[in-house]
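What follows is one structure encoded as structure tokens, with my remarks underneath.
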Amino acid sequence: SAVISQKPSRDICQRGTSLTIQCQVDSQVTMMFWYRQQPGQSLTLIATANQGSEATYESGFVIDKFPISRPNLTFSTLTVSNMSPEDSSIYLCSVLRDRGETQYFGPGTRLLVL
Amino acid sequence: AQSVTQPDIHITVSEGASLELRCNYSYGATPYLFWYVQSPGQGLQLLLKYFSGDTLVQGIKGFEAEFKRSQSSFNLRKPSVHWSDAAEYFCAVGARGSGTYKYIFGTGTRLKVLA
């Protein structure tokens, strides 16, 4: 398994501002993922963050809106830029473990944009 | 196209009753299959997974799931539900692409448990 922490756990932000979410893992991992879970919905993959390379974004998500950093094998950040109320969601990070087949998730960051 | 379907959006059962949550997938190869649970205000917790071998897999919290290739299903079961099982349950398929590995999630089933 994996021990994953996220900061902040929740935040209320004003539209037009940006928020950076941190994800910390208890040991080194190659692949980290960032998801968005809109209210009452399933999880949507935003991007895959590999250490030492640019993040790979899914269709509908762009780097200008969701810049990602991956400075080392235990840490990543996701920034939600120029926020609007439509960005109100839970943002989750996950890591790949168990021979690279199983994802383990952080507790999530609950974001409300006013 | 690869997909995961959870036909039941909401399920309500009485405490102590048995439970079955349905999951159907569409995937070209032998899939990696997962069930996760998300309690209110929490992240996702892995309940169980199937990669190969015995088609009946045991998980945490008394859950089990059965892989049926002929039906493309991976249904989650529990013989006796506890009030603390009230949560959202997600089925997922691990899909390999060209140098990539991603999850395809179902839409989730919200379980309500009546006392």
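The values are calculated or read from the model by the stated rules, or taken from the named source; none is laboratory data. The structure presented is a predicted model; accordingly, all values stated were derived computationally and were not measured. When we count neighbours, we look across all protein chains shown, and the Cβ atoms used for this are built from the backbone with ideal geometry, even at glycine.
Summed over the range B:15-74, the residues that are in a helix (DSSP H, G or I) and among the basic types (Lys, Arg) give a count of 2.
Can you name the residue in the range B:20-36 that is within 18 Å of B:Ser80 (Cβ to Cβ) and crowded, with 19+ Cβ neighbours inside 10 Å and is also farthest from the chain's Cα centre (by Cα) among such residues? Even if it seems obvious, please write down each step before you answer.
First pass over the range B:20-36, keeping only residues within 18 Å of B:Ser80 (Cβ to Cβ): B:20-21, B:35.
Narrowing the set further to residues that are crowded, with 19+ Cβ neighbours inside 10 Å leaves B:21, B:35.
Values: B:Leu21: 7, B:Trp35: 3 Å.
Checked the range B:20-36; the qualifying residue farthest from the chain's Cα centre (by Cα) is B:Leu21.
Write out, first by first residue and then by second, each pair whose Cβ atoms fall under 6 Å of each other, whose residues are 6+ apart or on separate chains, and whose first residue, in the range A:103-114, is part of a strand (DSSP E or B) while the second is of a type in the set (D, E, K, R). Taking only residues 6 or more apart or on different chains, the pairs are A:Tyr104/A:Arg97; A:Arg110/A:Arg10; A:Leu111/A:Asp11; A:Val113/A:Arg15; A:Val113/A:Asp87.
Output yes when any residue across the range B:76-84 is under 28 Å from A:Cys23 (Cβ atoms) and β-branched (Val, Ile, Thr), and no when none is. Full working, then the answer.
Narrowing the range B:76-84 to residues under 28 Å from A:Cys23 (Cβ atoms): B:76, B:84.
Restricting the remaining residues to those that are β-branched (Val, Ile, Thr) gives none.
The answer is no; no qualifying residue exists.
Among residues that are under 24 Å from B:Val4 (Cα atoms) and among the hydrophobic types (A, V, I, L, M, F, W, C), A:Ile46 is included. Pairs linking a residue in the range B:49-73 that is within 14 Å of chain A (Cβ to nearest Cβ) and free of Cβ contacts under 8 Å to residues at least 40 places away in the same chain to a residue that is crowded, with 16+ Cβ neighbours inside 10 Å and acidic (Asp, Glu), with Cβ atoms under 7 Å and 6 or more positions apart or on different chains, are B:Val57/B:Glu64. Here the range A:39-55 is the region considered, the condition is being farther than 25 Å from B:Glu88 by Cα and not in a loop (DSSP other than H, G, I, E, B), and the residue that is nearest to the other protein chains (Cβ to nearest Cβ) is A:Asn50.
When the range B:96-111 is examined, which residues are found to be in contact (Cβ under 8 Å) with a residue 40 or more places away in the chain, assigned to a strand (DSSP E or B) and of a type outside the set (D, E, K, R)? Selection gives B:Tyr103, B:Ile104, B:Phe105, B:Thr109, B:Leu111.
Out of all the residues in the range A:70-87, is one or more touching a residue at least 24 places away in the same chain (Cβ under 8 Å), among the charged types (D, E, K, R) and assigned to a strand (DSSP E or B)? Looking through the range A:70-87, at least one residue is touching a residue at least 24 places away in the same chain (Cβ under 8 Å), among the charged types (D, E, K, R) and assigned to a strand (DSSP E or B).
Conditions tested, residue by residue: (1) touching a Phe, Trp or Tyr at 6+ places or on another chain (Cβ under 7 Å); (2) polar (S, T, N, Q).
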site	(1), (2)
B:Val4	yes, no
B:Gly16	no, no
B:Leu21	yes, no
B:Asn24	no, yes
B:Leu48	yes, no
B:Ser80	no, yes
B:Asp85	no, no
B:Glu88	no, no
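Against the list (1) within 12 Å of chain B (Cβ to nearest Cβ); (2) farther than 29 Å from B:Ile9 by Cβ; (3) of a type in the set (Asp, Glu), the condition A:Glu58 fails is (2).
Filtering the range A:1-20 to residues that are more than 13 Å from chain B (Cβ to nearest Cβ), of a type outside the set (S, T, N, Q) and more than 11 Å from A:Val113 (Cβ to Cβ) leaves A:Lys7, A:Pro8. Among the residues making up the range B:74-106, those that are within 11 Å of chain A (Cβ to nearest Cβ) and of a type in the set (Lys, Arg) are B:Arg96, B:Lys102.
Answer yes or no as to whether B:Val13 is surrounded by 19 or more Cβ atoms within 10 Å (Cβ to Cβ) and not charged (D, E, K, R).
no
Being surrounded by 16 or more Cβ atoms within 10 Å (Cβ to Cβ), assigned to a loop (DSSP other than H, G, I, E, B) and at pLDDT below 95 is a property that A:Ser27 lacks. Would you point out which residue out of A:Ser42, A:Ser18, A:Ser53, A:Ser76 is small (Gly, Ala, Ser) and closer than 22 Å to B:Thr107 by Cβ? It is A:Ser42.
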